[in-house]
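To start, the structure itself, in structure tokens.
The values are calculated or read from the model by the stated rules, or taken from the named source; none is laboratory data. Quantities reported herein were computed from a predicted structural model and do not represent experimental measurements. Every residue, glycine among them, receives a Cβ derived from its backbone with ideal geometry; neighbour counts consider all protein chains shown.
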Amino acid sequence: MRTQLTNDTHWISECHKTDGAHEHVNVYLIEEDDDYLLIDSGSFHDRETIKRKIESETDGQGLDAIILSHSDYPHSGNVSEFRSEWDDVTLIASCGSPRLQGISNAIRCQIGKSMEIIGREFSFIDPPLADRSHTTWIYDHGDNVLYTADGFGNYHGPGECKYTSRDFPRGITAESVYEYHRDSLVWLRYVDPKRLEAAINTIFSEYKVDWVAPVHGNPIAGEDLSAYIADLIDGASRISAEYESRRPDQMQ
Amino acid sequence: MPREILDGFYWIKENGPDRTGMIETEPDSPTWYKEGETVRIPNCAYLLVGDKTLLFDTLSPASGDEILERLNSVLGDRDLNYLVVSHPDVPHAGNTPRILEAYPNATLVAPKYGNGHHLYRLDEGELVGDGDSIDLGGFVVDFHEATFLDAPVSLWMSERTTNTLFPVDWLGFPHLDSECLSLFEEVDTPMTVDRLIEFHGRVMFWYAYVDVPKVKADIDRLIEIHDPDVIAPAHGLVITEDTDVYMDRMKRVVERIHAEGRIGTLG
């Protein structure tokens, strides 16, 4: 089992029990020439654990930058504290109104554009699987890792918290992919699966992806992506098919 | 100051930042825009004052002092009995701790839908959904699973006495500075499909990936079920006339976003 996904990318795996299953609330630490960048900041519940792991991985140096996928509490819950803990932590966020989102002094990244951060190029991608308006997927050109909050997640069992897709004997299960997306991206009940598949395929044809790094799932290795995406689209079809437009008396 | 739009029914509003930039890239000025005006997409909270009192949503942390001042200006010595959080997005729920600190007797009411409530500290609240209601004495609110939403932990609300629907992130739209706290019927700018797209083409970007007839069927169902006299959105002006017309107009909004894709982001 590995938490070092690539030479530069370290997966900080945190998870929570949700109705019997486990759900990740991950963050990822990227190193570039002794500078350190965190993708998302995790939940306030995990603040001390994440802080300790960052201290350990950076030999006490701490963070130089944070990129937020979006400013939802499980993703942005530690931004202020981490910026207080380590001086001069640059915050990059896709939201246009940081004060409304409870964060301050953020550099805005534009979805559809790229930026160099700690000497490394990142692209910000319009996510076909997300719920909040200002969510961005983040592509790290240095390690070919695609960060896909809140899509590409799955639930996992006890003992699988530090698995990547390579460690599951039969891969990440289709059922866990379906259940996660059913519960987390509620709008999928209206989805046209073909349209979603086309949008996902466009992204993966444009970017070489060695790892997909979800916030709410186990990381997916490049060789496992085809199977995962097939399960994801099947899951989306199932979510949509199961949503019976309910009768008025059932919606009261 | 809050506006009392009906007896005991107060509208509390945060204008948010200047959004004029969202229309400056368009080749023609929108028909709903007046030259020189500033465009806003507000955050709204609603306060119901009956025998008991209830606040629906909290505004963003940028207006933490303001929401407390406005609550105090209406409630005075009265207590806040219920704080209902529609969903845990920061512009809706960001002042929950401050309000509960100021009104420690208030019951936190939160959506029962979705999971991971502890990640938002909503697990300490009373979780409600379809079939649940609160009688405030003078007002009765009913809770509903949100139909069109972003966060999975989401809730819509309606109020029986005034026949108001609170559709949260649905039916939002930009307004002009001069229209602040005006009912939509009091302004002279039109509710065009383009105007609705300025909001939904950013917030409900996922309409780009949907089966349009399925969404339209649910819009019809919402009109049939609720048939509201008042629509009190979280991100637009309060509507008190022709509500079914505007709900129905959302079908064209969905068609357009589906055909043309999202137009940007908001937040």
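So the values come out like this:
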item: Subset of segment B:149-160 (residues that are more than 8 Å from every other protein chain (Cβ to nearest Cβ), touching a residue at least 60 places away in the same chain (Cβ under 8 Å) and either out of contact with any Ser or Thr (no Cβ under 6 Å at 6 or more places or on another chain) or part of a loop (DSSP other than H, G, I, E, B) (or both)); result: B:V153, B:W156, B:M157, B:S158, B:E159
item: Residue in segment A:65-113 that is farthest from B:T58 (Cα to Cα), counting only those that are more than 14 Å from chain B (Cβ to nearest Cβ) and either in contact with a Ser or Thr (Cβ under 7 Å, 6 or more places away or on another chain) or among the small types (G, A, S) (or both); result: A:A65
item: Segment B:31-43, residues that are surrounded by fewer than 17 Cβ atoms within 10 Å (Cβ to Cβ) and of a type outside the set (G, A, S); result: B:T31, B:K34, B:E35, B:E37, B:T38
item: Only one of B:Y46, B:Y113 that is crowded, with 19+ Cβ neighbours inside 10 Å, part of a strand (DSSP E or B) and either at the interface with chain A (Cβ under 10 Å from one of its Cβ atoms) or touching a residue at least 24 places away in the same chain (Cβ under 8 Å) (or both); result: B:Y46
item: Helices (runs of 4 or more DSSP H) fully within segment B:52-109 counting 3 or more residues that are more than 14 Å from every other protein chain (Cβ to nearest Cβ); result: B:64-75, B:96-102
item: Single match in A:G119, A:G142, A:G157, A:G153 (criterion: in contact with a Lys or Arg (Cβ under 9 Å, 6 or more places away or on another chain) and not aromatic (F, W, Y)); result: A:G142
item: Filter pass, B:D169 being touching a residue at least 12 places away in the same chain (Cβ under 8 Å), crowded, with 20+ Cβ neighbours inside 10 Å and of a type in the set (D, E); result: yes
item: Neighbours by Cβ (under 8 Å, 6+ apart or cross-chain): first from segment B:12-41, closer than 21 Å to B:I67 by Cβ and within 11 Å of chain A (Cβ to nearest Cβ); second charged (D, E, K, R) and in a loop (DSSP other than H, G, I, E, B); result: B:I41/B:R19
item: Candidates A:S226, A:S165, A:S205, filtered to the one that is more than 21 Å from A:D46 (Cβ to Cβ), of a type in the set (S, T, N, Q) and in contact with a helix residue (DSSP H, G or I) (Cβ under 6 Å, 6 or more places away or on another chain); result: A:S165
item: Options B:L127, B:L119; residue that is touching a strand residue (DSSP E or B) at 6+ places or on another chain (Cβ under 8 Å), within 13 Å of another protein chain (Cβ to nearest Cβ) and buried (at least 17 other Cβ atoms within 10 Å of the Cβ); result: B:L119
item: Residue that is under 30 Å from A:K17 (Cα atoms), at pLDDT 95 or above and charged (D, E, K, R), where the choices are B:E159, B:E124, B:E145, B:E186; result: B:E145
item: In segment A:54-78, residue farthest from B:G94 (Cα to Cα) [restricted to those that are part of a loop (DSSP other than H, G, I, E, B) and under 13 Å from the mean Cα position of the chain (by Cα)]; result: A:S69
item: Scan of segment B:197-219 for residues that are touching a residue at least 24 places away in the same chain (Cβ under 8 Å), more than 7 Å from every other protein chain (Cβ to nearest Cβ) and over 20 Å from A:S184 (Cβ atoms), ordered by number; result: B:I197, B:E198, B:F199, B:H200, B:G201, B:V212, B:K216, B:I219
item: Residue satisfying all of: in segment A:133-171; over 13 Å from the mean Cα position of the chain (by Cα) and closer than 21 Å to B:P152 by Cβ; surrounded by the most Cβ atoms within 10 Å (Cβ to Cβ) among these; result: A:Y155
item: Among the candidates B:H87, B:H92, residue that is crowded, with 24+ Cβ neighbours inside 10 Å, modelled with pLDDT of 95 or more and over 22 Å from B:L181 (Cα atoms); result: B:H87
item: Residue match in segment B:161-174 (condition: within 14 Å of the chain's Cα centre (by Cα), more than 10 Å from chain A (Cβ to nearest Cβ) and more than 27 Å from A:C95 (Cβ to Cβ)); result: yes
item: Some residue of segment A:138-150 being under 20 Å from A:S226 (Cα atoms), out of contact with any strand residue (DSSP E or B) (no Cβ under 6 Å at 6 or more places or on another chain) and within 14 Å of another protein chain (Cβ to nearest Cβ); result: yes
item: Condition check for B:F173: at pLDDT 95 or above and touching a His at 6+ places or on another chain (Cβ under 9 Å); result: yes
item: Selection status of B:E186, without any contact (Cβ under 8 Å) to a residue 40 or more places away in the chain and within 11 Å of another protein chain (Cβ to nearest Cβ); result: no
item: Residue that is within 14 Å of chain B (Cβ to nearest Cβ), surrounded by fewer than 21 Cβ atoms within 10 Å (Cβ to Cβ) and acidic (D, E), where the choices are A:E206, A:E242, A:E175, A:E223; result: A:E242
item: Hits in segment B:127-142 (condition: under 25 Å from B:I5 (Cα atoms) and either assigned to a strand (DSSP E or B) or modelled with pLDDT under 95 (or both)); result: B:S133, B:I134, B:D135, B:V140, B:V141, B:D142
